[in-house]
Each structure stands twice: as structure tokens, then as C-alpha cells.
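S.K.: Quick one: the structure is below, questions incoming.
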Amino acid sequence: MRNKLLRICAIIIFSGAVSYPCLSIVYEQVPGLGSPEITEIAKNVLAVTGLYHSAESGFTVNAGIIFTDQSVVFIDSGMSIASGEFLWQVAEKRLKGDEDIYLILTHNHSDHVFGMQAIKKRGAKVIAHKITGMWFRRMPGEQYKKFLADRDGWPPEKADSVYGNVVLTEPDEMIDQDTVLTIEGEEIHVLVTPGHVPSELSVYYPRSKTLFAGDTIYEGSELTTRFGGLVEWKLWITQLERLNKLEISTIVPGHGKLCAKEEIDRNINYLRKRIEKRDKSNE
Ligand SMILES: [Zn+2]
């Protein structure tokens, strides 16, 4: 009975016929979706937390959506086509149909980009760091999917079922320095914040004082530092100190719950300790 109910709910959600409160119901029936929850952080600014992640229990990934009069801006696309599709359907409920669509990818990792085609095929202009473009050329979707499946010991069928038909194409606009997008007079600041990886971007929306931090900020968990060393971790701290100077009401981290500015200090302290540990051990 429970399974049947879940299935019905998933079908209703994918038909786009329900309002947000129903959307936090469990979604195990849809591979690659997780249990997303939508929070309206400020008027016309949504955070989508709890999207599927292939890491063991409890770890999920986040995304965001900003609506202006004539545009919609997605920040990240989840780890599967199902997640990207979900984000699109959440946004579509508010659209008239003639809006300009943007997708900003905070970095090149699978958990933030695998859903991109679901949004791109609706006409989105994709914006990312130049290094993300380089990675997509080097490892397009199928290859990246196979890499993860081999790493995790998944049969190809499982990867197809969970991730979907992942296609990573070169972003339409590639940046390597802070860039202000002006959309109908409203500013969206795309900040280059390397540390976790060199392609890392953070998105700051001054109107609502929201920071979509990608993996520059983790909430409540250890930070993933294995992609860098001392130089990168120090750079990461510099970027966090820079973000700390912004006027921020809400942070949408790449992973974990929505949080406040104090989380930036926790991330800085985590990295300082990581550096100290390495200095002592001469790793
Ligand atoms: Zn991530």
C-alpha cells in the first residue's frame, strides 16, 4: 500500500499537477531523484535540498532557482537526469513560457552537473568556469558515467537507470573571473571561488542576500579536500574570507541544510585544522 502511494505521488509530481507542499514526500520510486525538498528562501528564490547523491546514506546535493520577471536562473542541476527534470518541473509551474533560461554550474563534478541536459534542452544558456568546459570536453557524459560506475562497482544498467542519459556539452558562456549577470536590471554575481576544485563558482544574489555556494561551503559535514593540497586549501580559505564579507541572509551550500554565515567560520576552521594536520604529519 505504501509503495503504491509513493508511486502515485511520484507520478503526480512528474505530471506537474501538485503544489510545493506535496513535493517533500519520499521519492524512492524514481531512481536518481532522492527526496528533494523545496524552500522559498525569499520571494522568487527557491532552494532545492535533498536531491539524490550516489554516496552512502544521508548524503545529498542541493540546487537553487531564481525567478525574475522574464527569466529563470538555475544554479546546478543535480546528479541525474531525473534531478534535472525535477528542477525544471518545479520552475515550470511559475513560468509563462517565454522566459529566458539560464543554468549556472558551480563546478564540473557529476553531482552538480549530470542533470544539465534536462534544463539545457528547454533552451537554457549554460554558464560555467572555463575549466568546467575543459572537463566536459575531456570526459563527456557517457564516459564520466562509466568512470563512476566502475569506481563504485555498479553494472552499466544501474548507472543508466540512476543517472539517465547524461550528456555534458560545452557551456555556452565560460568565465574565469568574477562576472555580474544583469538580468532585467537585477544583478546576479557569479564569483570565482576555487579551493574545492579550480572550476568552483559561487552565486550571490544581492536582492535576497542569498549565497548559492556550491562545494565552496559544506553544511554540517566534513569538507571534501581530497582534490587539492596545501595550496588549494589556503586558496579556499581566502575565498571563504571573501564570501564572509558579503551581506548574507541564507546560504544554500552544495551539500547539507540551508545555513547562515556562521557556517563559513566552521568551514574556515575545518580547513585550518586540515592544514595544521598536514603540516605536522608532513604528508
Ligand atoms: Zn558536490
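Just so it is clear, none of the values below were taken in a lab; they were calculated from the coordinates. On a predicted model such as this, the values are computed, not experimentally measured, just so you know. Methodologically, a virtual Cβ is constructed for each residue, glycine included, from the backbone with ideal geometry; neighbour enumeration extends over all protein chains shown.
S.K.: Under 5 Å between amide H atoms, partner at least 5 residues away or on a different chain: which partners does VAL167 have, H built in plane at 1.01 Å?
M.R.: Under 5 Å from the amide H of VAL167: GLN117.
S.K.: If you don't mind, there's one more thing I want to ask. In whole Hz, what ³J(HN,Hα) sequence does the range 214-228 give by Karplus (6.51, -1.76, 1.60; θ = phi - 60°), x for Gly and Pro?
M.R.: With the stated coefficients, the range 214-228 comes to x, 8, 6, 10, 10, 9, x, 10, 5, 8, 7, 9, 6, 8, x Hz.
S.K.: Shifting gears a bit: In terms of the Cα gyration tensor, with a ≥ b ≥ c the square roots of its eigenvalues, is the range 177-220 rounded because a/c is under 1.5, prolate because a/b exceeds b/c, or oblate? Let's see the in-between values first.
M.R.: Numbers: a/c = 4.24, a/b = 1.56, b/c = 2.72.
Judged from the Cα gyration tensor, the range 177-220 comes out oblate (a/c at least 1.5, b/c at or above a/b).
S.K.: Tell me, what ³J(HN,Hα) does each residue in the range 169-178 have, in order and in whole Hz, if you take phi through Karplus 6.51 cos²θ - 1.76 cosθ + 1.60 with θ = phi - 60° and put x for Gly and Pro?
M.R.: Here the 3J(HN,Hα) series is 10, 4, x, 6, 10, 10, 10, 9, 8, 3 Hz.
S.K.: Show that you can apply the helix-only estimate: for the chain, add -39,500 (n - 2.57) for every DSSP H stretch of four or more residues, divide by all residues, and state [θ] at 222 nm to the nearest 500.
M.R.: Result for the chain, helices only: -10500 deg cm²/dmol.
S.K.: Could you check the simple spin-label distance between LYS277 and ASP98, using points 7 Å along Cα→Cβ, in nm with one decimal?
M.R.: The two pseudo-label positions are separated by 5.6 nm.
S.K.: For the range 214-283, which chymotrypsin sites (Phe, Trp or Tyr not before Pro) are both in a DSSP coil and crowded by at most 16 other Cβ atoms within 10 Å? Spell out each step's value before the answer.
M.R.: On the way: sites: TYR218, PHE227, TRP233, TRP236, TYR270; in loops: PHE227.
Counting only loop positions with at most 16 other Cβ atoms within 10 Å, the chymotrypsin sites (Phe, Trp or Tyr not before Pro) in the range 214-283 are PHE227.
S.K.: Ok, one more. R0 = 35 Å: FRET efficiency of ALA260 with ASP152, Cβ-based, nearest 0.05?
M.R.: It comes out at approximately 0.55.
S.K.: Here's a follow-up. Remind me, relative contact order of the range 47-89 in percent, using alpha carbon pairs under 8 angstrom and six or more residues apart?
M.R.: Taking the mean separation of contacting Cα pairs over the length of the range 47-89, I get 33 percent.
S.K.: Tell me, what is the percent relative contact order of the range 163-283, built from C-alpha pairs under 8 Å that lie six or more residues apart?
M.R.: 21
S.K.: Determine the distance separating the Cα centre of the range 38-59 from the Cα centre of the range 174-253; give it in Å without decimals.
M.R.: For the range 38-59 versus the range 174-253, the Cα centre distance is 17 Å.
S.K.: Normalised by the number of residues in the range 3-281, what is the relative contact order in percent for Cα pairs under 8 Å and 6+ residues apart?
M.R.: Here the relative contact order equals 14 percent.
S.K.: Starting from the amide H of ASP178, placed 1.01 Å from N in the peptide plane, find each other amide H under 5 Å away whose residue is 5 or more places distant or on another chain.
M.R.: For ASP178, the qualifying residues are VAL192.
S.K.: Still on this model: Filter the chymotrypsin sites (Phe, Trp or Tyr not before Pro) in the range 55-148 to those in DSSP coil with at most 14 other Cβ atoms within 10 Å of their Cβ, and list the result.
M.R.: The qualifying sites are PHE59.
S.K.: Further, regarding this structure: Check HIS109: other-chain or 5+ apart residues with amide H under 5 Å from its amide H, H built from backbone geometry?
M.R.: Amide H neighbours of HIS109, under 5 Å, 5+ apart: none.
S.K.: Continuing with this model, one more query. Restricting to DSSP loop positions (anything but H, G, I, E, B) with no more than 14 other Cβ atoms inside 10 Å of their own Cβ, which trypsin sites (Lys or Arg not before Pro) remain in the range 182-240?
M.R.: On the way: sites: ARG207, LYS209, ARG226, LYS234; in loops: ARG207, LYS209, ARG226.
Passing both the DSSP loop test and the Cβ count: ARG207, ARG226.
S.K.: Now for a different question. For a label point 7 angstrom out from the Cα of SER208 toward its Cβ, which stretches of the range 45-81 have the backbone nitrogen within less than 16 Å?
M.R.: 45-50, 62-77
S.K.: Report ³J(HN,Hα) in whole Hz for each residue of the range 97-114, in order, from the Karplus equation J = 6.51 cos²θ - 1.76 cosθ + 1.60 where θ = phi - 60°; Gly and Pro get x.
M.R.: x, 10, 6, 7, 10, 10, 10, 9, 9, 6, 5, 8, 6, 3, 5, 10, 10, 4
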